[in-house]
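Since every read-out is calculated from the coordinates, none of them should be taken as a lab result. Since the model is a prediction, treat every value here as computed from it, not as a measurement. All Cβ positions, even for glycine, are placed from backbone atoms using ideal geometry, and neighbour counts span all protein chains on display.
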Amino acid sequence: MDGSETETRPGWRALSGAALRTMSPLEWARFGAGEIAYIRPALVNGTPAVVIHAADGTPIGAAPDAGLAAAAIRQHEMEPALLH
């Protein structure tokens with residue numbers, strides 16, 4: 001990975017492992033902002049659900065299951081990632 005655009009996601013830069021290891025906490029907090037949303041199993045009002053978080057960790061939604069959460073994320077032109 002040389003920092004050039006990726007073939008699967010034009011406009012995205014691929015970062016090397018070395019580049020990722022040198023990122024500051026602030027850079028990590030901004031990494032993927034607006035491009036990645038994380039899904040995480042949780043209880044919402046005592047009911048099992050999947051919570052959707054922005055790249056910075058801010059909760060932005062919830063869904064009854066991972067499939068619907070991923071679909072909602074993709075509808076907003078982001079890619080889902082699973083947190084466990």
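The table for this structure:
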quantity: Burial ordering of Arg74, Arg40, fewest other beta-carbon atoms within 10 Å first; calculated: Arg74, Arg40
quantity: Residue-count net charge about Ala63 - beta-carbon cut-off 14 Å; Lys, Arg +1, Asp, Glu -1; calculated: +1
